[in-house]
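Input: a single structure, listed below in structure tokens.
The values are calculated or read from the model by the stated rules, or taken from the named source; none is laboratory data. Nothing here was measured: the structure is a model prediction, and the numbers come from that model. Ligands, DNA and RNA are excluded from the accessible area calculation, which covers all protein heavy atoms including side chains. Shrake-Rupley method; radii C 1.70, N 1.55, O 1.52, S 1.80 Å.
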Amino acid sequence: MITELAVERVEFTCGRCQDRWTLDYDVQRFMDGLGHEWEYFSCDNRSVPSPYAAESAPPCGRCGHRPAGRLVARRPVPLPGMPGAPRSPVPDAGGHRPERHSAPLLSAVAAEPRSADPQAAAP
């Protein structure tokens, strides 16, 4: 059973060349039938090992070193059926928002943060 869904922004700092980068990971926590909890990570729509261990972290783009990641931000995703979670019925299974099937996938590379105030960017 899925117990938690979240998007986690992970920062990497290379200990050899000091390069820094961030990636966003989809994280799913899962409770198996024996009561053990597991984490599953995906990045750019691919299953990947944990970014928090050096042996499984992505390599530095400059020198290839693998630094363990550090959590810098996270966004929980509400699970279906949670009390108070808004929901919308799907009126037509095949025709509801068909553009979602051809929409480009979001990159796991973190975008530049935007101002929370939409008026701040206005001239």
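Accessible surface of THR3 in the full protein assembly, 1.4 angstrom probe, to the nearest 10 Å²?
Here the residue's solvent-accessible area equals roughly 50 Å².
Test of understanding: what is the full-extension gain from PHE30 to GLU99, defined as 0.36 nm times their sequence separation minus their Cα-Cα distance?
Length gained between PHE30 and GLU99: 21.8 nm.
Return the Rg/Rh value of the chain, two decimal places, where both radii are evaluated on C-alpha atoms and Rh is the Kirkwood radius.
Reported Rg/Rh, Kirkwood definition of Rh: 1.04.
For GLU11, GLU4, give me the order by solvent-accessible area with a 1.4 Å probe, most accessible first, ignoring ligands, DNA and RNA.
Putting GLU11, GLU4 in descending order of accessible area: GLU4, GLU11.
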